[in-house]
Amino acid sequence: MRLFGRYDGVARPIVTYGSNPVLHRRCADVTAFDDGLRRLVLDMFASMEAADGVGLAANQIGVDARVFVIDCPDAEGEDVVGYVVNPSLTVPDPVGEDPAEEVTEEGCLSVPGPYAELPRAFRARVDGVDLHGDPVSIEATGMAARCLQHEVDHLNGTVYVDLLPEEQRERLLAEAAGPGGDLPA
């Protein structure tokens with residue numbers, strides 16, 4: 001479900017960890033499929049591109065809505081580009097010789113700077129709807145599967161550092177805050 005003119009939106013500031021409660025709670029289901037939703041998705045693509053990201057959830061720009069966008073390569077290097085409204089995540093069984101999960105570095109635009117190794121399923125599928133309320137699915141492997149899982153976590157109020165041991169999380173948040181401590185805990 002590619003969106004024509006997807007980068008024609010307006011880039012919005014990225015919400016950082018601890019700075020806005022919308023980042024730390026489950027987002028509201030989308031019920032209005034109108035021009036406002038289309039504008040949101042366009043702005044999300046523009047915000048993701050401006051921040052040099054590969055995925056973005058609506059709450060990362062301060063919007064309480066179950067929507068995410070993705071532009072990320074899969075395990076074969078093919079770009080997975082799209083968006084999903086009201087997504088639900090499933091982890092399909094491995095195919096062939098694919099591993100069930102992989103541990104690689106993960107980062108987040110809402111925790112700028114640091115990365116941490118985190119296990120994620122190698123294959124993931126998200127089902128939801130498009131801008132018109134019609135069913136859509138994205139199934140991906142590798143980094144794109146990691147991105148799908150990461151973005152659905154966001155929409156459920158979980159930032160990737162929340163999945164890490166407390167000591168490691170605190171260290172990464174301190175690193176993201178920098179010397180001035182600009183990132184709230």
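Looking at (1) under 26 Å from residue 114 (Cβ atoms); (2) open to solvent by less than 40 Å² (accessible area, probe 1.4 Å), which is the only condition residue 73 fails?
Of (1) under 26 Å from residue 114 (Cβ atoms); (2) open to solvent by less than 40 Å² (accessible area, probe 1.4 Å), only one is false for residue 73: (2).
Determine whether residue 30 is touching a strand residue (DSSP E or B) at 6+ places or on another chain (Cβ under 6 Å) and within 23 Å of residue 121 (Cα to Cα).
no
Would the stretch 42-59 turn up any residue that is free of Cβ contacts under 8 Å to residues at least 40 places away in the same chain, touching a helix residue (DSSP H, G or I) at 6+ places or on another chain (Cβ under 8 Å) and either more than 26 Å from residue 134 (Cα to Cα) or among the polar types (S, T, N, Q) (or both)?
Yes, the stretch 42-59 contains a residue that is free of Cβ contacts under 8 Å to residues at least 40 places away in the same chain, touching a helix residue (DSSP H, G or I) at 6+ places or on another chain (Cβ under 8 Å) and either more than 26 Å from residue 134 (Cα to Cα) or among the polar types (S, T, N, Q) (or both).
Go through (1) open to solvent by 40 Å² or more (accessible area, probe 1.4 Å); (2) of a type outside the set (Val, Ile, Thr); (3) closer than 17 Å to residue 168 by Cβ; (4) free of Cβ contacts under 8 Å to residues at least 40 places away in the same chain for residue 120 and report which single condition fails.
(1)
List the number of the failed condition for residue 80; all other conditions in (1) assigned to a loop (DSSP other than H, G, I, E, B); (2) more than 15 Å from residue 130 (Cβ to Cβ) hold.
Here residue 80 clears every test but (1).
From the set of residues in the stretch 1-13 that are surrounded by 11 or more Cβ atoms within 10 Å (Cβ to Cβ) and closer than 26 Å to residue 139 by Cα, which is modelled with the lowest pLDDT?
Step by step, filter the stretch 1-13, then rank; the result is 1.
So, in the stretch 64-78, how many residues would count as being over 13 Å from residue 41 (Cβ atoms) and in contact (Cβ under 8 Å) with a residue 12 or more places away in the chain?
6
Would it be correct to say that residue 102 is more than 22 Å from residue 58 (Cβ to Cβ), touching a residue at least 40 places away in the same chain (Cβ under 8 Å), assigned to a loop (DSSP other than H, G, I, E, B) and open to solvent by 10 Å² or more (accessible area, probe 1.4 Å)?
For residue 102, the condition - more than 22 Å from residue 58 (Cβ to Cβ), touching a residue at least 40 places away in the same chain (Cβ under 8 Å), assigned to a loop (DSSP other than H, G, I, E, B) and open to solvent by 10 Å² or more (accessible area, probe 1.4 Å) - is not met.
Can you find, within the stretch 139-156, the residue that is farthest from residue 98 (Cα to Cα) among those that are open to solvent by 10 Å² or more (accessible area, probe 1.4 Å) and out of contact with any Cys (no Cβ under 6 Å at 6 or more places or on another chain)?
That would be 156.
Residues 45, 33, 68: which one is of a type outside the set (A, V, I, L, M), crowded, with 22+ Cβ neighbours inside 10 Å and either outside any strand (DSSP E or B) or modelled with pLDDT under 95 (or both)?
The match here is 45.
Among the residues in the stretch 161-179, are any among the small types (Gly, Ala, Ser), under 30 Å from residue 76 (Cβ atoms), outside any helix (DSSP H, G or I) and out of contact with any His (no Cβ under 8 Å at 6 or more places or on another chain)?
no
From the list 56, 89, 131, 118, pick out the single residue that is assigned to a strand (DSSP E or B), out of contact with any Pro (no Cβ under 7 Å at 6 or more places or on another chain), aliphatic (A, V, I, L, M) and over 13 Å from residue 153 (Cα atoms).
Exactly one residue qualifies, and that residue is 118.
The values are calculated or read from the model by the stated rules, or taken from the named source; none is laboratory data. Small disclaimer: the values here were computed from a predicted structure and weren't measured. We place every Cβ from the backbone using ideal geometry, glycine too, and count neighbours over all the protein chains shown. Heads up: the accessible areas ignore ligands, DNA and RNA and are worked out on the full protein's heavy atoms, side chains in. Shrake-Rupley method; radii C 1.70, N 1.55, O 1.52, S 1.80 Å.
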